[in-house]
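Report on the structure given below.
The values are calculated or read from the model by the stated rules, or taken from the named source; none is laboratory data. All of these numbers come straight from a predicted model, not from anything done at the bench. Every residue, glycine as well, gets a Cβ built from its backbone with ideal geometry; the counts of neighbours run over all protein chains shown. The protein model used for the area step is the full one, side chains on, heavy atoms only, and it has no ligands, DNA or RNA in it. Shrake-Rupley method; radii C 1.70, N 1.55, O 1.52, S 1.80 Å.
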Amino acid sequence: MFNAKTRYGLMVIFAIAAIACLIYQQYQLAAFGGLLLVILIWSHFKQSSVLLASKHFKKKDYEATVEALAEVPDPERLAKNRRGYYEFMLANIALQSEEYEEAEYHFQLASRFPLGGKTDKAFVMIHLANLALRKKDKVRILAYIEKAKELATTPKARDIINKLEKEANSL
């Protein structure tokens with residue numbers, strides 16, 4: 001839940017502590033400091049600032065969310081559960097700024113990774129169907145709707161799916 005600068009600072013502190021423990025022949029403490037350093041480095045690449053970004057995203061602070069997501073060194077290296085949410089947040093931010101092509105790209109990526117649950121995945125499919133509706137692509141709309149129907153568990157999601165299906169059939 002730290003930003004990149006904080007993680008780098010902690011890495012330096014753990015490295016210095018491990019070296020100091022080696023100098024004073026405290027090998028167990030040095031090993032512990034080294035272990036903490038390794039865990040922090042692993043966390044930097046696998047978890048990164050996605051949790052911090054989600055905190056800002058839930059508060060609808062999209063500028064801070066974009067800043068936190070920009071700290072991710074390589075999205076390809078993120079853990080699967082973090083990558084899905086990373087792409088989901090980028091897609092929603094692109095949707096907010098009316099960049100529909102970019103939003104569709106990120107929703108497509110988010111649909112390939114695990115998210116919070118079936119309902120979250122259903123809403124990704126609903127967003128994709130909405131974006132396909134903008135393009136008046138009936139085949140893709142119906143494909144996304146079918147997948148969303150399988151995943152939808154809430155009445156709100158089912159209601160949205162029914163509305164999208166009616167609009168798709170009217171094309």
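Given the -39500 (n - 2.57) contribution per DSSP H run of 4+ residues, what per-residue ellipticity at 222 nm results for the chain, rounded to the nearest 500 deg cm²/dmol? Don't jump to the answer; show the numbers that get you there.
On the way: 9 runs with 133 residues, N = 171.
Calculated at 222 nm, the ellipticity per residue is -25500 deg cm²/dmol.
Where (i) 21.2, 77; (ii) 16.0, 56; (iii) 16.1, 47 are the candidate values, the label of the one calculated here for Rg and Dmax of the Cα atoms in Å is (i).
Can you give the net charge of the other residues whose Cβ lies under 10 Å from the Cβ of G84, counting K and R as +1 and D and E as -1?
Numbers: positive: K80, R82, R83, R112, K121; negative: E87, D120.
Counting the neighbours of G84, the net charge comes to +3.
At q = 0.22 Å⁻¹ the log10 of I(q)/I(0) for the range 81-171 amounts to -1.06, computed by Debye summation with a single uniform scatterer per C-alpha, solvent ignored. In the context of the full set of protein chains, the chain has a per residue accessible area of 60 Å² (1.4 Å probe). Exceeding 28 Å between C-alpha atoms, which entries from my cross-link table qualify? They are K58/K166; K55/K118; K59/K166; K59/K156; K46/K136. Over 28 Å Cα-Cα: K58/K166; K59/K166; K46/K136.
Over the chain, what is the relative contact order in whole percent, taking alpha-carbon pairs under 8 Å and six or more residues apart? Answer for the chain is 14 percent. Here the range 63-97 and the range 134-149 have alpha carbon centers that stand 25 Å from each other.
Can you list the DSSP H helices in the chain whose Cα atoms extend at least 27 Å along the helix axis and whose mean Kyte-Doolittle hydropathy is 1.0 or higher? Once both thresholds are applied, what remains is 4-23, 27-46. Computed over protein heavy atoms with a 1.4 Å probe, the carbon and sulfur contribution to the accessible area of the range 9-104 reaches 62%. Computed over neighbours whose Cβ is under 11 Å from that of D61, the net charge equals +2, Lys and Arg +1, Asp and Glu -1. Of the solvent-accessible surface of the range 113-171, computed with a 1.4 Å probe and all protein chains present, 54% belongs to carbon and sulfur.
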